[in-house]
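Inspection log for the structure reproduced underneath, given as structure tokens.
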Amino acid sequence: MKDTITVGLLGLGTVGSGVIEILEDHKESIQHKTGCDVTIKTVLVSNLTKPRDIDNTSTKLTDRYEDITQDPDIDVVVEVMGGIDHTLTILREAIENGKHIVTANKDLVAQHGAELFEASSRNQCDLFYEASVAGGIPIIRSILDGLSSDKIRKMMGIVNGTTNYILTKMTKEGVDFDSVLKEAQELGFAEADPTADVDGLDAARKMTILSILGFSMPFNLEDVEVKGIRGISLADIQYARQLGYSVKLIGVAEHDETGVAVNVEPTLLPVEHPLSSVNDEYNAVYVYGDAVGETMFYGPGAGKLPTATAVVSDLIAVVKSLRLGTSGSAYVQPQFPKQVKEKKDQLTKKYMRLHVHDQPGMLMELTKIFAEYGISFDQIIQREADKDDERELMMVTHQVSEEDFKRAYNDLESLSSIRSVDSVFRVEGSN
Ligand SMILES: NC(=O)c1ccc[n+]([C@@H]2O[C@H](COP(=O)([O-])OP(=O)(O)OC[C@H]3O[C@@H](n4cnc5c(N)ncnc54)[C@H](OP(=O)(O)O)[C@@H]3O)[C@@H](O)[C@H]2O)c1
């Protein structure tokens with residue numbers, strides 16, 4: 001049995017430097033838990049001339065990934081560099097050379113997880129990725145282990161800290177989307193190119209991973225319907241409050257006898273719902289299981305030490321299975337064929353905000369169109385709009401299928417009284 005497990009680290013940025021810090025600061029406790037030393041031999045970076053706060057005597061920096069993938073001394077590769085195609089090439093080679101993998105890379109796991117799991121199983125290697133969803137929250141282990149005896153019906157996640165920070169600021173300070181985004185970029189909470197965050201792609205990748213694990217079906221990113229937060233106005237947030245809701249970017253994955261639907265979209269949640277109180281850059285995942293009922297996992301979704309905690313915990317799991325001789329046995333293939341719900345079976349409540357021409361019978365005309373598809377309203381508020389002859393309507397439907405809602409929505413165009421439909425959001429958690 002080895003006394004020392006040797007690690008190759010890919011990336012020494014925010015998370016990579018946190019991994020080194022935790023391995024140093026918690027050295028004794030990690031030794032106690034694993035029964036051996038864990039040392040980082042080589043670190044891959046792209047710029048060797050950048051000043052680094054790292055002990056060069058025991059750890060070598062390189063810009064050649066082969067120094068890690070082809071080093072027979074290295075047992076485990078910890079990937080915290082990000083990226084997709086080039087990183088995939090590196091991890092493929094590492095796995096084929098028998099290295100165990102820990103990664104924080106949701107982009108890679110969501111897009112190429114199936115291939116990497118197949119390769120690692122074939123090579124009796126472990127592949128863990130706890131940090132890829134919700135940073136410091138141990139949600140993957142909770143689903144795979146803690147809730148493994150249950151049947152998960154629904155998962156709802158605030159899994160993108162940037163958008164949650166933006167929506168919290170808009171709600172609490174009444175600042176519009178563009179100004180908050182700019183401030184978030186200046187503070188380093190949002191990327192210079194915020195597309196993946198604000199357009200919902202980052203959350204969709206995480207919901208893909210959670211759906212594969214929660215429902216044991218081989219989903220991919222294309223199965224997720226995605227709508228980001230760019231279209232959200234302060235007016236929507238304020239009216240939602242009047243109706244008793246908060247506005248959050250929520251990933252919803254639900255499973256019933258008609259299949260699974262996975263959506264990421266701006267969603268109205270009752271203010272008393274536990275996810276409504278998840279603010280700023282925090283993440284949370286709400287899981288509903290047949291037997292356990294409601295559970296919620298809350299914590300920091302990103303950041304140097306929270307994310308590195310998840311990475312190092314995965315590393316400890318790899319080391320334990322290496323020492324027990326059980327490497328490569330943790331991965332279980334999805335058990336069921338993919339079953340994606342049809343639109344007619346996707347039932348939700350909807351919020352709509354629209355400007356209408358203020359004329360007698362207008363509301364009746366409008367509700368008649370929805371009634372033709374069996375859609376009724378739970379809440380309606382109206383107020384005078386800025387223009388004399390206009391009114392603004394905010395409406396929340398009862399449960400409606402996506403298909404019927406779309407048909408009714410299309411029929412609205414035939415009404416001369418409709419000036420504009422300003423927003424349509426999902427409503428969750430109140431049925
Ligand atoms: N930051 C978080 O809070 C967080 C949370 C959850 C998951 N993650 C995931 O963790 C990963 C790393 O994130 P991060 O924030 O730590 O990134 P980062 O701060 O940008 O660091 C990236 C590191 O990887 C190196 N690198 C990048 N591309 C490379 C290449 N082609 N060849 C060699 N080295 C390369 C960089 O080298 P140089 O130092 O030379 O530039 C840098 O050290 C990403 O997959 C991210 O999605 C991050």
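Descriptive notes on the structure:
- Distant-in-sequence amide H partners of Val77 (H built 1.01 Å from N, under 5 Å): Gly8, His100, Ile101, Val102
- Set of segment 290-315 residues, backbone N closer than 15 Å to the point 7 Å along the Cα-Cβ line of Lys2: 315
- When segment 178-323 is reduced to its Cα atoms, the Kirkwood hydrodynamic radius in Å: 17.3 Å
- Note on segment 237-264 and segment 348-419: Cα centroid distance 20 Å, given to the nearest whole angstrom.
- Here's how it looks for Val43: its modeled amide H is under 5 Å from those of Leu9, Lys60, Leu61, Thr62, which are all 5 or more places away or on a different chain.
- Only protein atoms count toward the accessible area here, which uses a 1.4 Å probe; on segment 244-369, the carbon and sulfur part of that area reaches 56 percent.
- Radius, Kirkwood style, for segment 243-384 when every pair of distinct Cα atoms is counted (Å): 20.1 Å
- Taking 0.692 mPa s as the viscosity and 37 °C as the temperature, the Stokes-Einstein diffusion coefficient of the chain based on its alpha-carbon Kirkwood radius rounds to 141 µm²/s.
- Net charge over other residues, Cβ less than 15 angstrom from the Cβ of Ser121 (K, R count +1; D, E count -1): -1
- Evaluating 6.51 cos²θ - 1.76 cosθ + 1.60 at θ = phi - 60° for every residue in segment 56-66, the Karplus couplings come out as 6, 6, 9, 10, 9, 8, 9, 10, 10, 5, 4 Hz, glycine and proline recorded as x.
- Springs between Cα atoms under 10 Å define the GNM used for the chain, and in it the highest mean-square fluctuation of Gly35, Gly136, Gly98 occurs at Gly35.
- Viscosity 1.002 mPa s, 20 °C: Kirkwood-radius Stokes-Einstein D of segment 114-252 over Cα pairs, µm²/s: 128 µm²/s
- Nearest-0.05 FRET efficiency for Met296 and Ile380, computed from C-beta distance (R0 30 Å): 0.45
- Amide H contacts of Arg153: Tyr288, Gly289, Asp290, each under 5 Å away and 5 or more positions distant or on a separate chain (H built 1.01 Å from N in the peptide plane; Pro and chain starts excluded).
- Residue by residue, segment 407-412 carries 3J(HN,Hα) couplings of 5, 4, 4, 5, 5, 4 Hz when phi is fed to the Karplus relation 6.51 cos²θ - 1.76 cosθ + 1.60 (θ = phi - 60°); x denotes Gly or Pro.
- In this structure, Glu222 and Asn410 have a Cβ-Cβ separation that, at R0 = 25 Å, corresponds to a calculated FRET efficiency of about 0.55.
- Listed values for segment 222-232 are Karplus-derived 3J(HN,Hα) couplings in whole Hz (6.51 cos²θ - 1.76 cosθ + 1.60, θ = phi - 60°), namely 5, 7, 9, 7, 10, 9, x, 9, 4, x, 7, and x replaces Gly and Pro.
- Rg(Cα) / (2.2 N^0.38 Å) computed for segment 16-115, rounded to two decimals: 1.11
- Calculated [222 nm] ellipticity per residue, helices only, for the chain: -10500 deg cm²/dmol; basis is -39500 (n - 2.57) per DSSP H run with n ≥ 4, divided by all residues, nearest 500.
- For the chain, the solvent-accessible area of protein heavy atoms averages 44 Å² per residue (probe radius 1.4 Å; ligands and nucleic acids excluded).
- Surface composition of segment 57-142: carbon and sulfur make up 47 percent of the accessible area, probe 1.4 Å.
- Of Lys106/Lys304; Lys227/Lys344; Lys206/Lys338; Lys344/Lys387; Lys27/Lys154, those spanning more than 27 Å from alpha-carbon to alpha-carbon: Lys344/Lys387; Lys27/Lys154
- Between Lys320 and Asp389, full extension at 0.36 nm per residue minus the direct alpha carbon distance yields a gain of 17.7 nm.
- Just checking the listed ones, Ala310, Ala261, Ala196: in the Gaussian network model of the chain with Cα springs under 10 Å, the one fluctuating most is Ala196.
- Percent RCO, i.e. relative contact order, over the chain, from Cα pairs under 8 Å lying at least 6 residues apart: 17 percent
- Whole-number D in µm²/s for segment 31-72 (Stokes-Einstein; Kirkwood sum over Cα pairs; 20 °C, 1.002 mPa s): 180 µm²/s
- Solvent-free Debye scattering, log10 I(q)/I(0), computed from the Cα coordinates of segment 79-157 at q = 0.22 Å⁻¹: -1.04
The values are calculated or read from the model by the stated rules, or taken from the named source; none is laboratory data. Just so it is clear, the model here is predicted, and its values are computed rather than measured. All Cβ positions, glycine included, derive from the backbone under ideal geometry; neighbour counts span all protein chains shown. We work out accessible area using only protein heavy atoms, side chains counted, and drop any ligands, DNA or RNA first. Shrake-Rupley method; radii C 1.70, N 1.55, O 1.52, S 1.80 Å.
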